[in-house]
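Okay, structure first, notes after.
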Amino acid sequence: MGRKFVVGGNWKMNGDKKQISEIINTLKTGPLSPNTEVIVGVPAIYLEHVRTNLPQSIEVAAQNCYKVPKGAFTGEISPAMIKDIGVNWVILGHSERRQIFGETDELIAEKVAHALEAGLKVIACIGETLEEREGGKTEEVVFRQTKAIAGKIKDWSNVVIAYEPVWAIGTGKTATPQQAQEVHKALRQWFCTHVNADVGNSIRIQYGGSVTGANCKELAAQPDIDGFLVGGASLKPEFVNIVNAKQ
Ligand SMILES: O=C(CO)COP(=O)(O)O
């Protein structure tokens, strides 16, 4: 099916100039598998610095953006601004944006639609909380989050889905390869049924949540896991191992 493995590093609100130059050196030294697409999600204030200092083979992503091109929205940045500094990707709908900053399915869907219109590629994050999983609602939740986006866009070719169970983020509690595979497979089936089979078969679905150099290979071996979105470990040299998880 030819889904290229895609590994994102989400630095979140971490890093200063010194640490970022260390990460840049690690990424330049690699070696990074040419079979993997690598995208680093950088705090907005450092985006241009990182874009300028990384080879073009490594993509850079903003971690958020707003849903309109410009205007009176103090503190926000637009997809047009992100494109303007040579950055091609944005991460949207991260559970921290949803939970801490109150972003709704609807707002996230609007942001995804506008970012795509503006020519950005999008990593769209979805995932259930522990309470939702324990209540047997995992599929209901991730389908609802995906459906909101599907209501606003038609072309999925520039979208990567990141399935990040909230209970696995920053907790050291990784989903087992079986747990992750089960949700990824269900999502792919959802796309086949509710969008179309082409999208279902071609869309890349990353897993995120406590991915490390130690657990990445087993996760990468699952048939419907097409990459990772990595938080904590993306700030460390082991990120290189995660990029190379699928050889
Ligand atoms: O939220 C994540 C990536 O977006 C995952 O974070 P951790 O890898 O630190 O659990």
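Laid out as a table, the results:
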item	result
Net +/- balance of residues flanking residue 207 in space, Cβ distance below 10 Å, scoring K and R +1, D and E -1	-3
Residue-wise HN-Hα coupling along the stretch 70-79, computed from phi with Karplus coefficients 6.51, -1.76, 1.60 (Hz; x: Gly, Pro)	6, x, 7, 9, 3, x, 9, 10, 9, x
Estimated vicinal HN-Hα couplings, Hz - the stretch 83-93 in sequence order (Karplus 6.51, -1.76, 1.60; Gly, Pro = x)	4, 4, 9, x, 9, 10, 10, 9, 8, 10, x
Cleavage-rule hits, trypsin sites (Lys or Arg not before Pro), the stretch 51-90, DSSP coil, Cβ neighbours within 10 Å at most 16	70
Computed lengthening from residue 25 to residue 192, 0.36 nm per intervening residue step minus Cα-Cα distance	56.0 nm
Dimensions (Å) - the stretch 30-139, Cα atoms, principal axes, largest first	46, 42, 22
Set of aspartates and glutamates near residue 17 by C-alpha distance (under 13 Å), chain-local residues within fewer than 8 positions excluded	48
The stretch 5-243, dipole about Cα centre (Lys/Arg Cβ +1, Asp/Glu Cβ -1), debye to the nearest 20	400 debye
Point-to-point label distance, residue 221-residue 3, nm (Cα→Cβ direction, 7 Å offset)	1.9 nm
Spatially proximal aspartates and glutamates relative to residue 236 (Cα-Cα < 12 Å; intrachain offsets below 8 disregarded)	22
Cα-centre dipole for the stretch 50-96 with unit charges at Cβ (Lys and Arg positive, Asp and Glu negative), debye to 20	140 debye
Loop-located chymotrypsin sites (Phe, Trp or Tyr not before Pro) in the stretch 21-115, at most 10 other Cβ atoms within 10 Å (DSSP)	101
Segment residue 35-residue 171, length gained on full extension (0.36 nm per residue, minus Cα span)	46.0 nm
Estimated 222 nm signal from helices in the chain, with DSSP H stretches of n ≥ 4 weighted -39500 (n - 2.57), rounded to 500	-11000 deg cm²/dmol
Amide H contacts under 5 Å for residue 64, placed H, 5+ residues apart	91
Equivalent ellipsoid dimensions for the chain as semi-axes, Å, which come from the Cα gyration tensor, largest first	25, 23, 17
Positive-end residue, the stretch 31-98 charge dipole about Cα centroid, Cβ charges, pick of 68, 55, 81	68
Farthest positive-ward along the stretch 99-247 dipole, Cα basis, beta-carbon charges - from 146, 244, 233	244
Hypothetical label at residue 131: residues of the stretch 62-101 whose amide nitrogen lies under 20 Å (7 Å Cα-Cβ projection)	94-101
Between the stretch 65-95 and the stretch 169-201, the alpha-carbon center distance in angstrom	27 Å
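Every number in this text was worked out from the coordinates using simple rules, so none of it is lab data. All of these numbers come straight from a predicted model, not from anything done at the bench. For neighbour counting, all protein chains shown are included, and Cβ atoms are generated from backbone atoms with ideal geometry for every residue, glycine included.
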